[in-house]
1. How much net charge surrounds LEU39 when only the other residues with a Cβ under 12 Å from the Cβ of LEU39 are counted, with Lys and Arg +1 and Asp and Glu -1?
2. Quick check: at a probe of 1.4 Å, how many percent of the accessible area of segment 1-137 sits on carbon and sulfur atoms?
3. If only Cα atoms are counted, what is the Rg of segment 34-170, and what is its Dmax, in Å?
4. Calculate how many DSSP beta bridges within the chain are antiparallel, expressed in % of all such bridges and rounded to the nearest 5.
5. If amide H atoms are built 1.01 Å from N in the plane of the peptide, which residues on other chains or at least 5 residues away come under 5 Å of the amide H of TYR2?
6. So which trypsin sites (Lys or Arg not before Pro) in segment 36-110 are both in a DSSP loop and have at most 15 other Cβ atoms within 10 Å of their Cβ?
7. Is there a pair in LYS135/LYS196; LYS121/LYS164; LYS70/LYS121; LYS26/LYS70; LYS102/LYS208 whose C-alpha atoms are over 24 Å apart, and which pairs would that be?
Amino acid sequence: MYQDITGIILSGGKSSRMGQNKSFLKIGEIYIIEHITNLLKSVFSEVLLITNEPEFYDFLHVEIYTDIYKNIGPIAGIHSGLVNSKTEKNFIISCDIPLMNKKMISSIIEFPSDTLITVPKADGYIQQLCGVYSKKLLPAIEKIISSDIEQENRNDSQLKRKCKIHNLIESVPTTIIGNIENLNGYHSSIFLNMNKPEDYENILKISKSLDIFR
C-alpha cells in the first residue's frame with residue numbers, strides 16, 4: 001500500500017449522455033463508485049473523492065471535496081484534488097473507468113518518470129484521467145483556469161474555450177506511457193470509458209469474465 005501517494009477519484013461529470021449518474025450504476029451488487037473507491041483503498045492509505053454532490057457519497061467513508069472552480073470540466077476536479085491532497089504525488093482516476101485493476105495502477109505509478117504528469121496512452125488516446133499528477137502542477141493549472149475565466153469575462157467568442165487537461169499536458173513536463181499492453185495488469189478493455197448506455201451494457205458483459213468483480 002502506498003503511503004506517500006494519495007488516490008483521488010473524480011466523480012464530477014454531468015453524465016448527460018448516460019442519462020443518469022454513472023457513479024451509481026451497478027456492476028453486480030455494487031455501485032461503480034463503490035468499486036472504484038474500494039479499489040483505491042486497497043492501493044493507497046489516503047483516498048479523496050472530488051464531487052459537486054457530496055451529500056450522496058457519505059457512505060463511502062472517504063474525505064470528500066467539491067470543485068473550487070465550478071463548471072470548467074475535469075481540470076477543476078484535478079485542481080481540487082491537488083489542493084486538498086497532503087502528498088506531492090497523486091494518482092487521479094475518473095469514476096467512469098470501472099474495469100481498472102490494482103496491478104495496472106501500480107504499473108503506472110512505478111513507471112520510470114521524473115516529470116510532473118505520468119499518463120498512459122491506450123486505444124489511440126492519452127488516458128488523461130488515469131495517471132500520476134504532482135501537487136507542483138497547481139500554479140500551471142491555476143494559470144490555465146485564470147486564462148479561461150478572463151476570456152469568458154471578456155465574452156470573446158474567438159478566444160473562449162473550456163479548460164481541457166490536454167492544455168495542461170502540453171504545457172508541463174509529461175511522460176506518456178506507450179506500449180501499455182506490456183504493463184502488468186493490462187487487458188484489452190481496461191481503459192474502456194463509460195459514457196453512454198451501450199458502454200455500460202458492454203462493461204457489464206466484460207465484467208463477468210474479470211476477477212476484480214468476483
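The values are calculated or read from the model by the stated rules, or taken from the named source; none is laboratory data. For clarity, every value in this text was computed on a predicted model and none was experimentally measured. All Cβ positions, even for glycine, are placed from backbone atoms using ideal geometry, and neighbour counts span all protein chains on display. Just the protein is used for accessible areas: all its heavy atoms, side chains included, with ligands, DNA and RNA removed. Shrake-Rupley method; radii C 1.70, N 1.55, O 1.52, S 1.80 Å.
1. Once all neighbours under 12 Å are counted, the net charge is +2.
2. Heavy-atom surface of segment 1-137 belonging to carbon and sulfur, 1.4 Å probe: 50 percent.
3. Both quantities, over Cα of segment 34-170: 15.5, 47 Å.
4. On the way: 11 of 30 bridges.
The answer is about 35 percent antiparallel.
5. Those lying under 5 Å, H to H, from TYR2 are PHE44, SER45.
6. LYS70, LYS86
7. LYS135/LYS196; LYS70/LYS121; LYS26/LYS70
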